[in-house]
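Visitor: Have a look at this one before I ask anything.
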Amino acid sequence: MSLQMLESLRKLSSEVREIDLGSKIRRLHVSELDALTFSRDFVSRNKPCIITGALDAWPALHLWDESYLCSRAGDKKVTMDVTPDGRGDTITDVSGYLDPVNCAGRLPSTDADAADPESTSSAHQSVSGTPKGPIRYFMTPEERKSTLSQFFTLLRTSRHKPEDEVAEELPTCISSGVAERPPQQVPYIQHQNSSLTEEFSFLALDLQPGLPAWMEEVFGEPPDAVNLWIGDERSITSFHKDHYENMYAVLCGTKRFTLLPPCDVWRLHAQQCPAAQWVLEGGHQQPRDTAYLSNRLAAAKEREEGMQCGLYEQEQCVNQRSLAGSCCTGHQGDADTSAGGASEGREACMPADTTGCRNFGEHSSCSQSGPAGLNGSCSQSGPAGLNGNSRWRVRLKESSETVSWCPVEPRPRNILAAKAHYPQFFDPGLPEPLIAEVGPGELLYLPSLWHHFVEQETTTPGKDYVLAVNFWYDMQFDSKWAYYQLVEQLSASLS
């Protein structure tokens, strides 16, 4: 039965491409469209397109640059997401960062056959009953409040530099005389709570006269949310779908969307993972929004299941790296410390030897201060405020709740391993994903329920960042939704 089902799904994917979607996304000028044409040729058929000329009258297209944006924002605090590697809301193997003794009995079971093809670490050794293989969590970013000027500063100071420059600029630890590279940070303005209207409302007039008036006629109502995106090529959005009709406008740089239609959801190898959040310990003084993780997971649940997820109870904090045999103290702000000195959000020390694991920051005995507003206790300063004592931690949550997410990367570092682990996505007998490259002044119509993987490139001369605004219109939960759910259920049966 499974083989017959698989063959039927393969046939579905191929026929949809042959009779409707084709192999390329159509690009057309806004003058070629009106409400009837756009609705008939694209929205009703759930078919993407790239529209040119629709943003020509927007002041933002010509005004928005770092100087203008920072001047308009002033000292207003806005939300930026920060991760060690530019990948927020994604499945990550954290097996190299957990202490098997302190975490025993709290880790999800793993399967060596489900190894992460992107991980450079070998299979985890079983210690005190700890499972072998990768330990995969749905990781959400750390959220910080900062001025827009501080965001742009961190965007630049956090980029890797040649080793000789790093050695010259980074603080030297007094005890060892060794220059320590601060933990990598990748900031991204991407708060998806209608951030443009909620946090950047002072920029709203720069988007006038707005999208073509006939779009509201097609979608039946104004957009439910308008979001602002600012980042660089390090920030990548993993495969996911939205329950929205998405009009995505690029103002600076280029966005590359790798797209799969709803009928191809069975090719994405979705996995259920427990949730966790990146936290940079000792790295910044800005307050955290304690409700952020719950809100972020709720948004993920809405995307994947159309429903709110429950709150996660009891947290455990895990150090990203620590000295061998040392004990870690509680981090202020994460949990109240009891009389015995243990915090509710306990920190488990990391093994000293993490050779071959993904390096999300270094533990150091250095006590200096350096870039980007990060403090320490060194006797001399380094660039932009980072210090050797700051390090990334994984904040674990205990709950029966899990998040279903796609782990596939369309352009993996290890293509042979990726093909072995995700054969349905990389099957040469199936249609390749559609690619939409959206440049400055262009507008992508991304239909609801399409899975998309998003990369970006700083292609605009003189600007080392990418700017975009997107408009979310509520989708219609009609027959397309029922068909999608059927394919999704069949996909779950196959896996």
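The values are calculated or read from the model by the stated rules, or taken from the named source; none is laboratory data. Bear in mind the structure is a predicted one, so any value in this text is a computation, not a measurement. Because the Cβ atoms are built from the backbone with ideal geometry, glycine has one as well, and the counts that use them run over all protein chains shown.
Visitor: Please name all residue pairs, on different chains or six or more residues apart, with Cβ atoms under 8 Å, provided the first residue is in the range 36-53 and is free of Cβ contacts under 8 Å to residues at least 60 places away in the same chain and the second residue is among the charged types (D, E, K, R).
Guide: Pairs found: Asp41/Lys47; Arg45/Asp20.
Visitor: Is it the case, given these coordinates, that Ser23 is in a loop (DSSP other than H, G, I, E, B), under 32 Å from the mean Cα position of the chain (by Cα) and small (Gly, Ala, Ser)?
Guide: yes
Visitor: Can you pull out the residues in the range 253-268 that are crowded, with 22+ Cβ neighbours inside 10 Å and over 19 Å from the mean Cα position of the chain (by Cα)?
Guide: Within the range 253-268, Pro261, Asp264, Val265, Trp266, Arg267 meet the criteria.
Visitor: So, one more: So which strands (runs of 3 or more DSSP E) stay within the range 397-495 end to end and still have 3 or more residues that are modelled with pLDDT under 95 and among the hydrophobic types (A, V, I, L, M, F, W, C)?
Guide: Correct list: empty, since no element meets the threshold.
Visitor: Something else now. With respect to Leu55, is the statement that it is surrounded by 14 or more Cβ atoms within 10 Å (Cβ to Cβ), modelled with pLDDT under 95, of a type in the set (A, V, I, L, M) and within 27 Å of the chain's Cα centre (by Cα) true?
Guide: On the way: surrounded by 14 or more Cβ atoms within 10 Å (Cβ to Cβ): yes; modelled with pLDDT under 95: no; of a type in the set (A, V, I, L, M): yes; within 27 Å of the chain's Cα centre (by Cα): yes.
It is false that Leu55 is surrounded by 14 or more Cβ atoms within 10 Å (Cβ to Cβ), modelled with pLDDT under 95, of a type in the set (A, V, I, L, M) and within 27 Å of the chain's Cα centre (by Cα).
Visitor: Do any strands (runs of 3 or more DSSP E) entirely within the range 234-273 hold 3 or more residues that are in contact (Cβ under 8 Å) with a residue 24 or more places away in the chain and within 18 Å of Cys49 (Cα to Cα), and if so, which? Give the derivation first.
Guide: Numbers: elements: 237-240, 244-252, 254-260, 271-273.
So the answer is 244-252, 254-260.
Visitor: Looking at this structure, is Arg413 charged (D, E, K, R), within 29 Å of Arg156 (Cβ to Cβ), outside the structural domain of Ser14 (by TED's automatic domain parsing) and touching a Cys at 6+ places or on another chain (Cβ under 7 Å)?
Guide: no
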